[in-house]
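A quick write-up on the structure given underneath.
The values are calculated or read from the model by the stated rules, or taken from the named source; none is laboratory data. What you see is a predicted model; the values in this text were computed from it and never measured. Please note: Cβ atoms are built from the backbone with ideal geometry, for glycine as well, and neighbour counts cover all protein chains shown. Surface areas here come from the heavy atoms of the whole protein model, side chains and all, with no ligands, DNA or RNA. Shrake-Rupley method; radii C 1.70, N 1.55, O 1.52, S 1.80 Å.
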Amino acid sequence: MLGQRQAEEAIVPTAANEAENSGGKEEGEEENSVFQMKDLLWHGGSAWDAWFSCASNQVAQVLLTLPYSFSQLGMLSGIIFQIFYGMLGSWTAYLISVLYIEYRSRKEKENVSFKNHVIQVPPPLKPSSSSSFFQYETTSLLLLCLVWQWFEVLDGLLGPQWKAVGLAFNCTFLLFGSVIQLIGCASNIYYINDHLDKRTWTYIFGACCATTVFIPSFHNYRIWSFLGLGMTTYTAWYLAVAALVHGQVDGVIHSGPTKLVLYFTGATNILYTFGGHAVTVEIMHAMWKPQKFKAIYFMATLYVFTLTLPSASAVYWAFGDELLNHSNAFSLLPKNRYRDAAVILMLIHQFITFGFACTPLYFVWEKVIGMHDTKSLCLRALVRLPVVIPIWFLAIIFPFFGPINSAVGALLVSFTVYIIPAAAHMLTYRKPSARQNAAEKPPFFLPSWTAMYVLNSFIVVWILVVGFGFGGWASVTNFVRQIDSFGLFAKCYQCKPSLAPPPTHRH
């Protein structure tokens, strides 16, 4: 045990220790400036880094489907559900942070140090003679550990059954999250180059995304989070401004909501939108002061509102019921350089998101088959392909951009993001002694344990009945209708006929 702990401390130093150790080098001003630049780009553990990570991971390609959801829900319901699920998502992210701090507090009472701790560390790897490969194995080990962080919290507080359930939901969510990114890539690039159908683009982008098997890991997220949020911000405001400049199409109709199936399908897509904290514990664990995380997700959600509400409202105002047959907002906006720029930026963000979602799956798979300590990079990439191939295949079978978001939201996100954290919090503090010795007391705006139990119970019941129950029924029904209308392996889902006249509009 002592040897393993020493190995962990040796190969997984904190960013602060790396900075301290590197500061002792006497290699001249040039090396110091290189280190400072590297530290600026990669070694992020501040509250700002956590905010960027939360905001950029919370919303990406789903921006393009929110106008479609508004056409199903109507303007008023669309705005209300965004605010409602945004607040619920912020609350359950807060609960996850409380459970994480509780877990750390209990472990520290057992003399477990978190200074250099990486949760759920497997047996240490042996260093290679090549320093670059040793760095590869170090970062690989780090990300494999990150996959298990939330589940070790569940295991430590509630037992292995909760860990198994949480892991199953989260891995399935990551799998279909990768499928959604691949479908989104094919759907978006079609609006720049429609000489190839969307299925062919799925083949191409499947091959492109498969190259992520060669990427050892993403050691830190600072630069990617910053770039991803910038790309999302541009895309969101492009949608809003372009829709307002375009104006309303002639005879625009805003009839939603009209059918319960469409209504709950749109609602679960918004539930999916604000269910982006599957990596909440990982973000906290990377922070220098994780206690500061409690308000960060809420602040990130407020920023995301400035992206989702204006863009979805403006596009729905301009096109109305036409969006019912156009789940990708790009399909209705005029082709120009600004739209092409938005498409390209969204493609880059989706490729990065695909890698983020797939890489934990790669490491889980390597651990399952016993290949996590393989020294050959090519062999390691080869054994990862069985993870990419079913994702690629599912994206080709079910290319339903928009409806698949709702299905994933209802069947997976409802449990992973909302039900499990709320239920876990109630069970963790079910005993008076646990409440009395809690590391985190109820917040100032809800200073009673009874009030917290009432709110958490409401979340569990609401999401179980409305999100999973009605939402699951509606999203699966809508999904089956897409199959009936377009068939499996649809060649070009919701593509415009080549001879269709362009829509007229009025300003």
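When the Cα centres of the range 435-476 and the range 190-210 are compared, how far apart do they sit, in Å?
41 Å
Quick check: with the 1.4 Å probe, what order do Trp392, Trp473, Trp91, Trp51 take by accessible area, largest first?
My answer, sorted largest first, is Trp473, Trp392, Trp51, Trp91.
Could you give the accessible area per residue of the range 150-207, probe 1.4 Å, as a whole number in Å²?
With all protein chains present, the range 150-207 gives 36 Å² per residue.
Relative contact order of the range 293-450: what whole-number percent is it, with Cα pairs under 8 angstrom and at least 6 residues apart?
13 percent
Could you go through the range 321-334 in sequence order and give the Karplus-derived ³J(HN,Hα) for each residue, using 6.51 cos²θ - 1.76 cosθ + 1.60 with θ = phi - 60°, rounded to whole Hz, and x for Gly and Pro?
Calculated HN-Hα couplings, in order: 5, 4, 5, 4, 10, 9, 6, 9, 4, 4, 5, 9, 8, x Hz.
Pull out the extension gain between Ile253 and Ser433, defined as 0.36 nm times the separation in residues minus the alpha carbon to alpha carbon distance; nm, one decimal.
Working it through step by step, the gained length comes to 59.0 nm.
Rounded to whole Hz and in sequence order, give me ³J(HN,Hα) for the range 196-211 from the Karplus expression 6.51 cos²θ - 1.76 cosθ + 1.60, θ = phi - 60°, writing x for Gly and Pro.
Couplings: 10, 6, 5, 5, 5, 5, 5, 4, 5, 6, x, 5, 5, 5, 5, 5 Hz.
With θ taken as phi - 60° and the coefficients 6.51, -1.76 and 1.60, list the Karplus ³J(HN,Hα) couplings across the range 400-409 in order, rounded to whole Hz; mark glycine and proline as x.
Values, residue by residue: 8, 5, x, x, 5, 4, 5, 5, 5, x Hz.
May I ask you to rank Glu108, Glu366, Glu440 by accessible area, largest first, using a 1.4 Å probe over the protein chains only?
Glu108, Glu440, Glu366
Using a simple charge model, +1 on the beta-carbon of Lys and Arg, -1 on the beta-carbon of Asp and Glu, nothing else, what dipole does the range 159-265 show about its Cα centre, in debye to the nearest 20?
360 debye
Between Asp340 and Leu244, how many nm apart are label points set 7 Å from Cα along the C-beta direction?
2.6 nm
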